[in-house]
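Report on the following structure.
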Amino acid sequence: MKNNITIAIATIFQNGGDATRALEIAKIIDEYKPENCNLRIVFLTRGSLYEDKVIEAGFELYRATPRLEGIRYQDDFETKFGELIGNESLAYDILQGEIKAYKEINPDLLIYGFWPIGSISKRLAIPSVKSIAFLPLPLTETFLNESLTFPDELFFSRFPAKFQKWVMSCIPHSLKKRNPALKHSLIRKAAEKSGWDGSPLINIFEMLKSDLLLVNDLAVFYHTEQYDSTVIFTGPVYAQEKQEEIKDKEILKILDDTNTRKKFFCTLGTSGSKEELLEIVKMFNSPWGMKCGGIILSPPSVCPLEESQRLLNNKNVYVTDKFVPAKAISKRVDLVICHGGQGTLQTAITSAIPLIGVATQPEQKINLEHLEAFGSAIRIPMRKWNCKTLEKKIQEVLEHYPEYKQSAEMLCRQYNETNAKKIIGESIWESIEVVRK
């Protein structure tokens, strides 16, 4: 029986959602480890605001090459539609750095998030090592059988959702696999340049292949019977807040029960843009918005605090660039305005609060459409995200608030009934035990 186990964890570590999910999974693995096991967990990073959290949690960092700024992955990777890494030379350098890292770490198990570089590098560098992927969606070819719409970047996304789904259902499976949003052709070219001779990397499904796939979402959103046994729906995984108490006096003033204004918590995370954030500020400056209160997060990587504060004319709204206890705040507002990142949505859902969201990536659109279909949210397409549309949709939720609130509470109960920690801990250690024998 092997007692010393090394696990490498690789993901887009600049991204808040991926980084925090990876950290939570590492903590779960550590919590569920057998008594006779010496566990070493190593996180790969090329620069990230989350590096200190890895050290604080007692895990190791491996500083892979090339080193990047580590603030917004979209900037680091030159991301564009259908290309996670928008520069072939950069994709090759990152792939080579990942291969070098795996050979040096020599893990017994590789765990990766939405990081095709991780899966491809494993198959090139350490092909005999088992791999586990954790993803917000069940990204296998079976996923194409789900009721999907077109990405916002494509023309067909302008049609009603029902029509989009009908059109999608008419498209042959072989063509769906070649959807431009799934290609990531520059990563494929980098892999081929690195000596790839396995099955053709025609889409993201091939690039993310693993021995086990943990889908960090509720099974209720999917036709689970269509997926094979290597796909496990775990339920939500998100950072558990250490600071549950709200200490910021300005936030407490906004949330005070004597303040009868409608209150909104606005958080676009690091995947949002300055323009999208400032549209929220403009909404609060409108004649109707002036009657409302709110808390707006303005991350330095998205919009300088001074700029958002300078635009704001509503004294009932507080803008901050500091960390805030999101769940504690969400529970005390009427509505959350956010992006479609899984961690942010799950924080709102487990607070039983309706939300309005914008998707900055295809994955986020799917997340928001699930909640919209359930009746707890409204999704605004990115091209329509402006202060007037935002105001209109907020009023729509408030007008039918009991129905939206009831749906949010039902969804919250489903999340609370799912023991994600147990499912993840037992599934991963079951895989590790095979390695240990």
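The values are calculated or read from the model by the stated rules, or taken from the named source; none is laboratory data. Bear in mind the structure is a predicted one, so any value in this text is a computation, not a measurement. Virtual Cβ from ideal backbone geometry, glycine too; neighbours counted across all protein chains shown.
Points worth noting:
- Residue 58 fulfils the conditions (1) buried (at least 16 other Cβ atoms within 10 Å of the Cβ); (2) of a type outside the set (Asp, Glu); (3) over 18 Å from the mean Cα position of the chain (by Cα); (4) on the phi > 0 side of the Ramachandran plot except for a single criterion, (1).
- Hits in the range 254-300 (condition: touching a helix residue (DSSP H, G or I) at 6+ places or on another chain (Cβ under 6 Å), modelled with pLDDT under 90 and of a type in the set (S, T, N, Q)): 270
- Looking across the range 120-134 at every residue that is out of contact with any strand residue (DSSP E or B) (no Cβ under 7 Å at 6 or more places or on another chain) and assigned to a helix (DSSP H, G or I), the one that is nearest to residue 382 (Cα to Cα) is identified as 120.
- Qualifying residue in the range 217-232 (condition: within 20 Å of the chain's Cα centre (by Cα), part of a loop (DSSP other than H, G, I, E, B) and small (Gly, Ala, Ser)): no
- Of the helices (runs of 4 or more DSSP H) lying entirely inside the range 307-382, the ones with 3 or more residues being at negative phi and of a type in the set (Val, Ile, Thr) are found at 342-349.
- Total residues in the range 117-130 satisfying the condition of being surrounded by fewer than 24 Cβ atoms within 10 Å (Cβ to Cβ) and either closer than 17 Å to residue 204 by Cβ or among the polar types (S, T, N, Q) (or both): the figure is 3.
- Annotation: residue 137 fulfils all but one of (1) surrounded by 17 or more Cβ atoms within 10 Å (Cβ to Cβ); (2) not in a loop (DSSP other than H, G, I, E, B); the unmet one is (2).
- Odd one out for residue 352 among (1) under 20 Å from residue 393 (Cα atoms); (2) of a type in the set (A, V, I, L, M); (3) over 22 Å from the mean Cα position of the chain (by Cα); (4) surrounded by fewer than 22 Cβ atoms within 10 Å (Cβ to Cβ): (3)
- When the residues of the range 214-236 are filtered to those that are acidic (Asp, Glu) and over 22 Å from residue 372 (Cβ atoms), the one that is surrounded by the fewest Cβ atoms within 10 Å (Cβ to Cβ) is 225.
- Tabulated pairs, the range 46-64, first in the same structural domain as residue 76 (by TED's automatic domain parsing), second among the charged types (D, E, K, R) and in a loop (DSSP other than H, G, I, E, B), C-beta under 7 angstrom, 6+ apart or interchain: 46/67; 47/67; 47/69; 64/46
- Checklist (1) crowded, with 18+ Cβ neighbours inside 10 Å; (2) within 22 Å of residue 213 (Cα to Cα) applied to residue 335, failing item: (2)
- Residue satisfying all of: in the range 229-282; small (Gly, Ala, Ser) and in contact with a strand residue (DSSP E or B) (Cβ under 7 Å, 6 or more places away or on another chain); farthest from residue 297 (Cα to Cα) among these: 271
- Segments classed as helices (runs of 4 or more DSSP H), wholly inside the range 1-95, with at least 2 members that are hydroxyl-bearing (Ser, Thr, Tyr): 16-32
- Residue 422 being more than 19 Å from residue 263 (Cα to Cα), surrounded by fewer than 18 Cβ atoms within 10 Å (Cβ to Cβ), assigned by TED's automatic domain parsing to the domain that holds residue 158 and of a type in the set (Lys, Arg): yes
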